Structure formats: structure tokens, C-alpha cells
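First up is the structure itself, then whatever we jot down about it.
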Amino acid sequence: MHLRQRPSGPLQAYVETLWYGERGALPHARERCLPTGCADIVVPLLQDHLIRYDHEHGSHARRLRGAIVQGPFDRFGVRGTEGPSAVVGVHFTPVGAAAFFGGALPALRNHTELLEDLWGSSARSLRERLQAAPSPQRTLQLLHEHLLQRLRDAEPPDSLAVLAVAAFRRDPARARVEPVQRQSGCTPAQFIRRFERAVGLTPKRFARVLRFGVLLPQLVRCGPRDWAQIAAGAGYFDQSHLIREFRQLAGMAPGAYAPVQADQPTHVALAT
């Protein structure tokens with residue numbers, strides 16, 4: 001079971017999706033999680049911990065007991081998928097997470113930490129309430145209500161970052177930082193500093209991940225692959241540029257890309 005819910009009211013500017021996932025045991029024990037450039041909260045409901053690895057072949061597992069926050073990633077991560085699972089989560093908009101984590105967002109880049117380390121005991125209380133909810137729908141409702149409550153004391157998103165993200169998203173395949181920076185009226189250093197504080201990634205890194213994210217659904221849909229044509233359509237200089245970028249962000253060649261499910265293009269099973 002996988003449920004997705006768009007938030008309502010004020011949360012729409014901060015949260016892309018609230019989601020609930022429930023599954024049995026999988027045939028693989030690890031997955032690559034490909035970068036989205038946005039932060040997430042994940043709350044385990046069934047299992048008592050979530051597993052993260054430093055790299056795909058690493059033997060050391062971080063067993064994070066409780067809810068976690070995943071900062072914005074600009075490279076792939078590796079998660080453990082052992083046993084049955086029930087989780088609920090928040091996928092923030094690019095500029096939304098800063099309202100809930102403030103100045104900590106840049107330090108969370110490419111890191112996964114316990115939510116309790118940022119929110120204190122309220123993170124543990126929230127998880128307990130979500131675990132006690134009688135249905136997935138009620139779980140999502142409680143999570144929505146909690147985020148609304150926390151939003152009351154939050155600052156609005158940085159207008160510069162909001163406009164910059166919108167400009168990059170208008171044509172992700174051809175997003176370029178310099179024109180957006182010039183339009184902002186800021187110096188390059190000021191623009192980078194404000195954008196990174198609001199999004200957690202530098203503008204260049206964010207634009208790179210955004211272009212990569214547009215590419216993935218194309219790879220899911222297409223059959224036989226004309227890589228030169230795909231590269232041109234996705235905004236890469238040529239086929240070799242696409243392959244090099246894909247290896248750096250996903251840890252594999254594009255020809256080896258095969259998501260676990262077509263509607264979850266950022267999850268790729270790892271053979272162990």
C-alpha cells in the first residue's frame with residue numbers, strides 16, 4: 001500500500017507530499033536512494049529503526065531508532081530494506097524544509113539524522129501518536145496537523161530562493177544559475193549564501209539534481225535507448241556528459257538503471 005496526499009492551506013508552500021507506505025519483506029536487503037534535492041522526514045511505524053549505509057558495499061549500518069530527517073541530497077544514498085515495513089513521511093518543497101529546520105538545513109546536506117536531535121522530545125511524541133492512529137488516513141491527518149502547528153512560529157520562505165527555484169523549474173533541462181543570479185540583484189556570493197540557507201544546496205548543485213530528476217521518468221518510460229537523443233532533450237552537452245553525470249549522482253551507468261517501481265523512480269534495488 002502506498003498513499004500520497006497533497007497538503008492543504010498554508011502547508012502547500014512548504015510540503016510537496018505527505019505519504020504513507022506499507023509493504024511486506026522484499027527480495028533485496030538494500031536500495032539506492034537517488035537524489036531529489038529536497039529534504040524529507042521519515043517516521044517508522046512498524047519497525048523500531050531505519051537502516052542507512054555509508055555506501056553501497058559498506059558493512060557498517062547506522063540503525064536510527066525513531067523518526068529521521070534526510071537532508072537534501074545531491075548524490076545517492078543507501079538504505080536498508082530488511083523485513084516488513086510501515087512508514088509515514090514528509091517530502092518538502094525545495095524551500096519548505098528551512099521553516100522546520102532553519103539554519104541547520106545546509107549542515108544536513110547528504111546526511112540523515114534523528115529528528116529528535118532537531119525537534120527534541122516532540123519528535124518522539126509525534127511518532128507515538130502516529131503509531132497509535134487507527135488508519136493510514138488518520139496517520140496522515142495527524143502528521144498534517146502537527147506540521148501546521150509547528151508552522152505557526154516559522155518564518156516564511158526566502159523570497160529570493162522561491163523565485164530562483166521557480167525559474168530553475170520552468171525549464172530544468174536548461175536551468176542556468178548566472179541569469180537567475182543577475183535577475184535577483186544580488187552579487188554571486190550573496191545569491192549563493194541565501195539560496196543555500198533556504199534550500200540546503202548551492203544553486204549549481206540544485207540545478208544539477210533538478211535536471212537529473214527530470215531525466216529519470218524519461219528513462220522509466222522509454223524502451224530502446226538512443227542516449228544521444230535523450231542527452232540532448234535533457235539538457236546535457238552530449239552522451240558522455242549524461243553518462244558522467246548519471247554515474248556521479250546515481251552511482252551507476254544509465255543503462256543499468258532499473259527502479260524498483262515505475263512510480264518510485266528514485267529507488268533502485270541493490271544486489272547483495
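The values are calculated or read from the model by the stated rules, or taken from the named source; none is laboratory data. Here the structure is a predicted model, which is why all the values come from computation and not from measurement. Cβ sites come from the backbone with ideal geometry, for glycine too, and all protein chains shown count toward neighbours. Side chains included, ligands, DNA and RNA excluded: accessible areas come from the protein's heavy atoms. Shrake-Rupley method; radii C 1.70, N 1.55, O 1.52, S 1.80 Å.
Annotations for the structure displayed:
- Legend: calculated FRET efficiency, R225 to D48, from the Cβ-Cβ distance at R0 = 45 Å, rounded to 0.05, equals 0.60.
- Packing here is the average count of other Cβ atoms within 10 Å per residue, and on that basis the peptides 245-252, 17-24, highest first, run 245-252, 17-24.
- Compactness of the chain, expressed as Rg and Dmax over alpha-carbon positions, Å: 18.7, 52
- Spin-label pair R182/A107, simplified geometry with 7 Å Cα→Cβ offset, distance in nm: 3.7 nm
- Base-10 log of normalised Debye intensity for segment 25-172 (one unit scatterer per alpha-carbon) at q = 0.16 Å⁻¹: -0.95
- Theoretical gain in end-to-end length, V260 to R247 [0.36 nm per residue, Cα-Cα removed]: 2.9 nm
- Taking 0.36 nm per residue of separation and subtracting the Cα-Cα distance, full extension of the segment from L3 to L114 would add 37.6 nm.
- Span-rule helices in the chain, defined as complete DSSP H runs reaching 27 Å or more along the axis (Cα) with Kyte mean at least -1.0: 203-221
- Solvent-accessible area, 1.4 Å probe, carbon plus sulfur percent, for the chain: 50 percent
- Taking 0.36 nm per residue of separation and subtracting the Cα-Cα distance, full extension of the segment from L26 to S122 would add 31.4 nm.
- Note that the chain presents 48 Å² accessible area per residue, ligands and nucleic acids not counted, probe 1.4 Å.
- Placing unit charges on the Cβ atoms only, positive for Lys and Arg and negative for Asp and Glu, gives the chain a dipole magnitude near 380 debye about its Cα centre.
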